[in-house]
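Below is one structure, written out as structure tokens; comments come after it.
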Amino acid sequence: MIYLCAISNVSSGSCSEDCSFCTQSARFSADIETYRHKSVDEVVKEAQVARVNRAVGFCLVTAGKGMTDAKLEYICKIASAVKKVEPDFNLIACNGTASIEQLKELKKHGIKSYNHNLETSENYYRQICTTHLWQDRYQTCLNTKEAGLKLCSGGIFGMGESQKDREEFVSSLASLAPNTVAINFFHPNSALPILSNSLSVDEALDMIRYVKKELSSCKKIMIAGGREQMFGSRVGEIFEAGANTIVIGDYLTTSGDEPGKDLKLIESLGLKLAEKCDG
Ligand code: SF4
């Protein structure tokens, strides 16, 4: 069974942090679209389109290190509006570091899952981000579970990390026992300090197999950003390697394949699409 998840970057760019993999950091002046808030109507329309494209999860993403009162109010407002028109969605929020109280507030407004990535190992994170701590990320993942939300956590492969970093990162993820693991592959952009993706396609497939083995009780192994660039014509092999969830449509600041192309691929592989996701 394959789960499809769509994302909406509801507040884009202008982030003061210095995560070396992220085009939304204002420090790198990447050529991306920036805006403070999408309108509620626009996000609701995107959710309806995602449902037509067979998505069962819909994620509300904001740039920036963490949750603020204004952000919380905005996300709760959008979540309530989306829930009204698409009550069956697994609604996911991804708004940076957050306290247990803030996460409980999201839950009251219909959010079922929270996405917060560890990104990489604790050790390598120091080399790619100097403005906040990996431990803050880990704590938010713990807070998510404490608040009674389903946890979606993962990170990015191919940022120049060593194999030891990858193993430590996956071990940290396993210690959180997330419901969904979100695997991204670094998508290079000339504005960023990390210049290229250091993985081959075979190594990337091996990483999916490794994550699947180390997090065997995890319900969903999701391949998110960088899928098209990483795998190209071999994208179907991600399912054989253990993935059962993909992001369809566009990503945060980059375009994805047309959803119809992914739907055809899944059908051609004889795989069935899930009708519902409980987180
Ligand atoms: S990953 Fe998040 S915190 Fe880091 S620069 Fe990007 S938007 Fe900011």
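Hey, got the dipole for region 1-143? About the Cα centre, +1 on K and R Cβ, -1 on D and E Cβ, debye to the nearest 20?
For this selection, approximately 380 debye.
Rounded, prolate or oblate: which fits region 1-157, taking a ≥ b ≥ c as square roots of the Cα gyration tensor eigenvalues, rounded meaning a/c under 1.5, else prolate when a/b beats b/c?
The shape class here is prolate.
Which of 171, 193, 153 sits farthest toward the positive end of the charge dipole of region 133-247, with +1 on the Cβ of Lys and Arg and -1 on the Cβ of Asp and Glu?
Value computed over the given set: 153.
Can you bin region 92-148 into rounded, prolate or oblate? Criterion: square roots of the alpha carbon gyration tensor eigenvalues sorted a ≥ b ≥ c, rounded for a/c under 1.5, prolate for a/b above b/c, oblate for the rest.
prolate
Quick one: putting +1 on the C-beta of Lys and Arg, -1 on the C-beta of Asp and Glu, what dipole do you get for region 3-268 around its Cα centre, in Debye to the nearest 20?
800
Listed highest first by mean packing, meaning other Cβ atoms within 10 Å per residue, what order do 188-194, 206-212 come in?
206-212, 188-194
Defining a contact as two alpha carbons under 8 Å apart and six or more residues distant in sequence, what relative contact order in percent does the chain show?
23
Taking amide hydrogens as modeled 1.01 Å from N in the peptide plane, which residues meet the under 5 Å criterion relative to residue 2, leaving out close sequence neighbours?
Placed amide hydrogens put 272, 273, 274 under 5 Å from residue 2.
Given the options 34, 120, 62, state which has the largest fluctuation in a GNM of the chain using a 10 Å cut-off (strictly under) for Cα springs.
Among 34, 120, 62, the largest mean-square fluctuation in the Gaussian network model of the chain belongs to 34.
For region 168-258, take N as its residue count and report Rg(C-alpha) divided by 2.2 N^0.38 Å.
The reported ratio for this selection is 1.08.
Excluding residues fewer than 8 places away in the same chain, name every one of the aspartates and glutamates whose C-alpha is closer than 20 Å to that of residue 264.
Those aspartates and glutamates meeting the cut-off are 228, 237, 240, 250, 275.
Of the listed pairs 213/272; 107/276; 219/272; 112/164; 84/145; 45/108, which have alpha-carbon separations greater than 27 Å here?
Over 27 Å Cα-Cα: 112/164.
For the chain, what D do you get in µm² per second when you plug the Kirkwood radius from alpha-carbon pairs into Stokes-Einstein at 25 °C and 0.890 mPa s?
Value of D from the Cα-based Kirkwood radius: 132 µm²/s.
Only the coordinates and a few stated rules stand behind these numbers; no lab work does. These numbers were taken from a predicted model, which means no experiment stands behind them. Heads up, the Cβs are rebuilt from the backbone with ideal geometry, glycines too, and the neighbour counts pull from every protein chain shown.
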